[in-house]
Amino acid sequence: MERVCFVLQVRPERLEEYRARHAEVWPEMLSALSRHGWTNYSLFLRPDGMLIGYLETPDFARALAGMETEPINVRWQADMQPFFAGLEGRPDEGMQRIEEIFHLA
């Protein structure tokens, strides 16, 4: 299982709305993520807008590619894009992956 951590920057003025959107993620989006192997997927948000994402998947490249085939993902990414600072393109394309250097199983 591949463990993946990534960061993005949410605009400080949009933090509350971003939280609210993730309290009610579209059911079709949740199904698509599950279908393409996104498990133990969590998002963490600091008060300054730093967003840290974590997920586990058998193959992250395949998980990303699978989501590319989902029309719901295109709509979700377009809807989420305005929440992010310093991002060109879609959030799923701008995730800055963080290297894992230690894991205690």
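The values are calculated or read from the model by the stated rules, or taken from the named source; none is laboratory data. What you see is a predicted model; the values in this text were computed from it and never measured. FYI the Cβ positions are ideal-geometry reconstructions off the backbone, even for glycines, and counts take in every protein chain you see.
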The stretch 40-62 residues that are in contact (Cβ under 8 Å) with a residue 12 or more places away in the chain and loosely packed, with under 15 Cβ neighbours inside 10 Å, paired with ones that are acidic (Asp, Glu) and assigned to a strand (DSSP E or B) (beta carbon under 8 Å, 6 or more apart)
40/56; 58/2; 59/2
Out of all the residues in the stretch 86-95, which are under 12 Å from residue 7 (Cβ atoms) and either charged (D, E, K, R) or surrounded by 11 or more Cβ atoms within 10 Å (Cβ to Cβ) (or both)?
87, 91, 94, 95
Identity of the residue in the stretch 55-105, small (Gly, Ala, Ser) and out of contact with any His (no Cβ under 9 Å at 6 or more places or on another chain), that ends up nearest to residue 34 (Cα to Cα)
61
Kindly indicate whether any position in the stretch 87-98 is at pLDDT 95 or above and among the acidic types (Asp, Glu).
no
Within 18 Å of residue 20 (Cα to Cα), under 13 Å from the mean Cα position of the chain (by Cα) and without any contact (Cβ under 8 Å) to a residue 60 or more places away in the chain: is that true of residue 83 in this structure?
no
